[in-house]
Amino acid sequence: MPTFTFFAVDKGNMTLIQFSNGINMMVDCRRSADRLSPLEYLRSKVEKLDIVVITHPHQDHITGLQEVFEFFEPKHLWHCGRYFKPDPVFDDWTFYEKVRKGELPYCRPMAVHAGQIIKISESQITILAPRLPFIEGSPEDVNNNGIVFSVVSGKSKVIVTGDTQEEQWDTLDHREFSDTSILLASHHGRESGYSDRILKIMRPQRIIISDGVPCETDATAKYSRFAPVSTTRDNNVVVAAVRDVVTT
Amino acid sequence: MAENTHSSERVLTNQREEEVIEIDENGVVHAVGYTPNQLKSTVLRDPEGEYSDWAK
């Protein structure tokens, strides 16, 4: 199975997936003033980057994107396909739009949507969201049209979310979420991304929350009722195939 | 920590070792450890479909 590194980037998401055939994928990109930069994190792990997935273009998912692209020149960008313009516009969003429009010669953008299946090495990536047509008029349309996908390798299933909220959880095919091994909690473990109903279907064995100092709406305690929770508040969390487990 | 230490070096020094979670060939997630050989096997999935109160 691939190795997943959930980087400690405080409030935000940045995940590296290293597939066993050498393909490297970064999901979201986040620069925190108190942490290594996204580029420094990546260079500590990989020598090349092939695919970048941006679940949705909020600031805590795309900062530091430009220096990562300029260094690694990834060949593929997967994006949610929905155009959003922030107010005010910020530099990382401007660069993201440039990539999304195909203006970089080395990178091919692709809008992904529910139902697509991509096989990389022995893993199968199933895009679970966004579903078409896009959700319109929800309290937070940017979050509710983001990419959600699963990575199934053998009998393990890792679910990677962005900031999905209840309105998007409601639209998804819940059968795809059963028997989850690892869940990256939506919206940094906040109440707004928490769904009791979807967790009962997933029955994850471990939940990862990518966040810094807990905010008032932190739902870590709720998640803990379903499975042990690991957070990136102090350090990176790595999920990998078992190598040398001591059973007692 | 010296004030002139590069920010990246400071962050690296302060950051703890990565937390490692391992999954075996049956899709079973094993206990958290800071080095793989310290891990203990624990099956966390509830075969009855009910959720334990262990974390409360």
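Every number here is computed from the coordinates shown, using simple stated rules; none is lab data. Here the structure is a predicted model, which means the values were calculated and not measured. Neighbour counts are summed over all protein chains in view; Cβ atoms, including those assigned to glycine, are modelled from backbone coordinates with ideal geometry.
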Practice prompt. Please work out, to two decimal places, the log10 of the ratio I(q)/I(0) at q = 0.12, 0.23, 0.24 Å⁻¹ from a Debye calculation in which every Cα of segment A:31-106 carries one identical scatterer.
Written response: -0.32, -1.16, -1.25
Worksheet item: If each residue's Cβ is checked for other Cβ atoms within 10 Å, how do A:PHE95, A:PHE4 rank with the fewest at the top?
Response: A:PHE95, A:PHE4
Discussion item. Principal axis extents for segment A:1-143, Cα atoms only, whole Å, descending order, please.
Written reply: 40, 36, 31
Discussion item. Using 10 Å bins from zero, what percent of all Cα-Cα pairs in chain A falls into each bin?
Written reply: 7, 34, 40, 17, 2, 0
Practice prompt. Return the inverse of the average 1/r over all pairs of distinct C-alpha atoms in segment A:50-90, which is the Kirkwood hydrodynamic radius, in Å to one decimal.
Written response: 11.2 Å
Worksheet item: For segment A:90-180, what is the per residue volume of the convex hull drawn over the alpha-carbon atoms, in cubic angstrom?
Response: 119 Å³
Discussion item. Quick check on the exposure proxy: order A:HIS113, A:HIS187 from fewest to most C-beta atoms within 10 angstrom.
Written reply: A:HIS113, A:HIS187
Item to complete: Name the residues whose placed amide hydrogens come within less than 5 Å of the amide hydrogen of A:LYS157, ignoring near sequence neighbours (fewer than 5 apart) on the same chain.
Response: A:SER181, A:ILE182
Fill in: segment A:158-219: Rg to Rh, with Rh as the Kirkwood radius over Cα pairs
0.94
Worksheet item: Taking all pairs of different Cα atoms in segment A:106-248, averaging 1/r and flipping that mean, what Kirkwood radius in angstroms comes out?
Response: 16.0 Å
Practice prompt. Go through A:LYS45/A:LYS98; A:LYS101/A:LYS157; A:LYS11/A:LYS101; A:LYS11/A:LYS45; A:LYS101/A:LYS200 and tell me which ones have a Cα-Cα distance over 30 Å in this structure.
Written response: A:LYS101/A:LYS157; A:LYS101/A:LYS200
Fill in: Overall dimensions of segment A:75-127 as given by Cα atoms, namely Rg and Dmax in Å
13.4, 42
Discussion item. Cut-off is 10 Å between beta-carbons; in what order do A:ASP196, A:ASP163 appear when sorted fewest neighbours first?
Written reply: A:ASP196, A:ASP163
Worksheet entry | Spin-label pair A:SER178/A:GLU216, simplified geometry with 7 Å Cα→Cβ offset, distance in nm | 4.1 nm
Worksheet item: At a Förster radius of 22 Å, what calculated FRET efficiency corresponds to the Cβ-Cβ distance of A:SER192 and A:GLU136, to the nearest 0.05?
Response: 0.75
Discussion item. Counting only other chains, and only Cβ atoms inside 10 Å, what mean value do you get across the residues of A:222-230?
Written reply: 4
Fill in: Added length on full extension, which subtracts the Cα-Cα distance from 0.36 nm per residue, A:TYR106 to A:ARG225
38.3 nm
Discussion item. In segment A:208-236, whose amide N lies under 18 Å from the spot 7 Å out along Cα-to-Cβ of A:LYS200? List them in ranges.
Written reply: A:222-227
Item to complete: Name the residue, out of A:ASP92, A:ASP218, A:ASP234, whose mean-square fluctuation peaks in a Gaussian network model built on chain A with Cα pairs under 10 Å.
Response: A:ASP234
Practice prompt. Find the eigenvalues of the gyration tensor of the Cα atoms of segment A:1-57, then list the square roots of 5 times those eigenvalues as equivalent ellipsoid semi-axes, largest first, in whole angstrom.
Written response: 19, 12, 9
Practice prompt. Set the Förster radius R0 to 22 Å, insert the Cβ-Cβ distance between A:SER121 and A:HIS76 as r into 1/(1 + (r/R0)^6), and round the FRET efficiency to 0.05.
Written response: 0.90
Worksheet item: If each of A:GLU167 and A:GLN59 carries a label point 7 Å out from its Cα toward its Cβ, how far apart are those two points in nm?
Response: 2.2 nm
